[in-house]
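Student: Can you keep this structure in mind? I'll have questions shortly.
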Amino acid sequence: MPAQSKAQQKAAGAALAAKRGETKVGDLQGASKEMYDSMSESELEDIASTKRKDLPESKDD
């Protein structure tokens, strides 16, 4: 599942880093914290690996 915005891709990257022990879980905030709690490492990899070039900054509701 690819990211739908640059913000989502960035949040997934932060959550993935915490899952891998590269950053502290306590440093996560907002969407990245929710992603850390609810998604597996492989799901986070899929979202974080999305190319950012053609993505909008944030997703419109």
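Student: Evaluate the following for Thr50: is it of a type outside the set (Gly, Ala, Ser) and in contact with a Pro (Cβ under 7 Å, 6 or more places away or on another chain)?
Tutor: yes
Student: Next question, about the same structure. For Glu22, indicate whether it is more than 11 Å from the chain's Cα centre (by Cα), surrounded by fewer than 10 Cβ atoms within 10 Å (Cβ to Cβ) and at pLDDT 95 or above.
Tutor: Yes.
The values are calculated or read from the model by the stated rules, or taken from the named source; none is laboratory data. Every value quoted in this text rests on a predicted model; they were computed, and no experiment measured them. Here Cβ is always computed from backbone atoms with ideal geometry, including for glycine, and neighbour counts include all displayed protein chains.
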